[in-house]
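K.L.:
If you scroll down you'll find the structure; I have some questions about it.
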């Protein structure tokens, strides 16, 4: 990966809730870290060779530290399991500068933040920011039970409404998002981060809103509709070098590039984090990511090369 990284030390690790660890990162020399905005995330380059991205949850005024939270995923491919069982305070790791695919509209007349489980992390940062600006917001925090509700005390301390929903206290039923959306005044901006079913319910409940008023962030790949594009090979041209590669049916664009010894930025390899986004020069992408909006997909100006393919037999990208 070509992106410049930063050396950081694990300053502190503590339990935020059942199976959720808060990890504080600082530069070893105590110098300031790059500034970030609410909704931003960083990549952690773990000692086991994996790269995983996590949302920053602390106040953006904290220039000396980053704080992320990591939920223990029962289906972990080695990221969250390593952090929970192997990573320790005092260790040094490399991290990326912050990136933001989930920005906060700070001047919205009202904001509603809806979090599910570990999806609370970027929304906590947004709550800190809105409270500092004196902007009105409401926070809906959903978890399977009280023991798994992270950062609820910090949110309550900000003095804005926090509505907690625990599935175990509602016969296992999840938070009903549609009434939350319906009760908000016109012009409200809604933000949601959480598990797939919650995000699907959120998108259905906000589908009638004006463009740009519903904001969602996936932390795992959403289920994509079956593509009608044949899984055939196609030619990939790199505009900057003029080199052309063949992307086979069983390879992603990213895999084809790496196999050819060509450097490219990437992280999640699930089409979620946006690290591998590139400009499209010619050709029509077959978008399979969980990040681009409908309008962005229809424009075909960029694509995520870790998952997306080509609808034709030729594609040129800005690499």
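K.L.:
For residue 57, are the conditions met, namely being touching a strand residue (DSSP E or B) at 6+ places or on another chain (Cβ under 6 Å) and within 22 Å of residue 104 (Cα to Cα)? Step through it out loud before you land on a result.
P.N.:
Working: touching a strand residue (DSSP E or B) at 6+ places or on another chain (Cβ under 6 Å): yes; within 22 Å of residue 104 (Cα to Cα): yes.
Yes: the conditions hold for residue 57.
K.L.:
Could you pull out every one of the strands (runs of 3 or more DSSP E) wholly within the range 224-319 that has 2 or more residues that are in contact with a helix residue (DSSP H, G or I) (Cβ under 7 Å, 6 or more places away or on another chain)?
P.N.:
Working: elements: 234-238, 244-247, 277-282, 302-304, 314-317.
Output list reads 244-247.
To keep it simple, each residue is scored yes or no on (1) more than 24 Å from residue 265 (Cβ to Cβ); (2) at pLDDT below 95.
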site: 56; (1), (2): no, no
site: 63; (1), (2): yes, no
site: 66; (1), (2): no, no
site: 101; (1), (2): no, yes
site: 107; (1), (2): yes, no
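K.L.:
So, one more: Only one of these is closer than 30 Å to residue 158 by Cα, touching a residue at least 24 places away in the same chain (Cβ under 8 Å), within 15 Å of the chain's Cα centre (by Cα) and assigned to a loop (DSSP other than H, G, I, E, B): 57, 44. Name it.
P.N.:
Numbers: 44 fails: assigned to a loop (DSSP other than H, G, I, E, B).
Matching residue, one of 57, 44: 57.
K.L.:
Identify the single condition in (1) buried (at least 21 other Cβ atoms within 10 Å of the Cβ); (2) modelled with pLDDT of 90 or more; (3) more than 15 Å from residue 310 (Cα to Cα) that residue 272 does not satisfy, given that it satisfies every other one.
P.N.:
It is condition (2) that residue 272 fails.
K.L.:
With the structure loaded, tell me whether residue 107 is touching a residue at least 12 places away in the same chain (Cβ under 8 Å) and either assigned to a helix (DSSP H, G or I) or under 26 Å from residue 26 (Cα atoms) (or both) or whether it fails that test.
P.N.:
On the way: touching a residue at least 12 places away in the same chain (Cβ under 8 Å): yes; either assigned to a helix (DSSP H, G or I) or under 26 Å from residue 26 (Cα atoms) (or both): no.
It is false that residue 107 is touching a residue at least 12 places away in the same chain (Cβ under 8 Å) and either assigned to a helix (DSSP H, G or I) or under 26 Å from residue 26 (Cα atoms) (or both).
K.L.:
If you don't mind, another one. Can you say whether residue 184 is modelled with pLDDT of 95 or more and touching a strand residue (DSSP E or B) at 6+ places or on another chain (Cβ under 6 Å), as far as the supplied structure shows? Break it down stepwise before answering.
P.N.:
Numbers: modelled with pLDDT of 95 or more: yes; touching a strand residue (DSSP E or B) at 6+ places or on another chain (Cβ under 6 Å): yes.
So residue 184 fits the description; yes.
K.L.:
Restricting attention to the range 70-84, which residues are in contact (Cβ under 8 Å) with a residue 12 or more places away in the chain and either surrounded by fewer than 22 Cβ atoms within 10 Å (Cβ to Cβ) or out of contact with any helix residue (DSSP H, G or I) (no Cβ under 7 Å at 6 or more places or on another chain) (or both)? Break it down stepwise before answering.
P.N.:
If we filter the range 70-84 for residues that are in contact (Cβ under 8 Å) with a residue 12 or more places away in the chain, which is where we start, we get 70-72, 77-80, 82-84.
Passing the criteria: 72, 77, 78, 79, 80, 82, 83, 84.
K.L.:
Would you please name the residue that is surrounded by the fewest Cβ atoms within 10 Å (Cβ to Cβ), looking only at residues in the range 156-202 that are in contact with a helix residue (DSSP H, G or I) (Cβ under 6 Å, 6 or more places away or on another chain) and part of a helix (DSSP H, G or I)?
P.N.:
Checked the range 156-202; the qualifying residue surrounded by the fewest Cβ atoms within 10 Å (Cβ to Cβ) is 178.
K.L.:
Condition (residue is farther than 21 Å from residue 277 by Cβ and buried (at least 21 other Cβ atoms within 10 Å of the Cβ)) applied to the range 105-112: is it met by at least one residue?
P.N.:
Looking through the range 105-112, at least one residue is farther than 21 Å from residue 277 by Cβ and buried (at least 21 other Cβ atoms within 10 Å of the Cβ).
K.L.:
Okay, next question. Test residue 25 against the stated conditions and say whether it is at pLDDT 95 or above, within 20 Å of the chain's Cα centre (by Cα) and farther than 19 Å from residue 124 by Cα. Let's see the steps before the verdict.
P.N.:
Values: at pLDDT 95 or above: yes; within 20 Å of the chain's Cα centre (by Cα): yes; farther than 19 Å from residue 124 by Cα: no.
No; evaluated as a whole, the condition is false for this residue.
K.L.:
When you go through 16, 35 one by one, which is the residue that is closer than 26 Å to residue 129 by Cβ, within 20 Å of the chain's Cα centre (by Cα), in contact (Cβ under 8 Å) with a residue 12 or more places away in the chain and in a strand (DSSP E or B)? Break it down stepwise before answering.
P.N.:
Numbers: 35 fails: in a strand (DSSP E or B).
From the options 16, 35, the qualifying one is 16.
The values are calculated or read from the model by the stated rules, or taken from the named source; none is laboratory data. If you're wondering where the values come from, they're calculated on a predicted model, not measured in any experiment. Cβ: placed from backbone, ideal geometry, glycine included. Neighbour counts: every protein chain shown.
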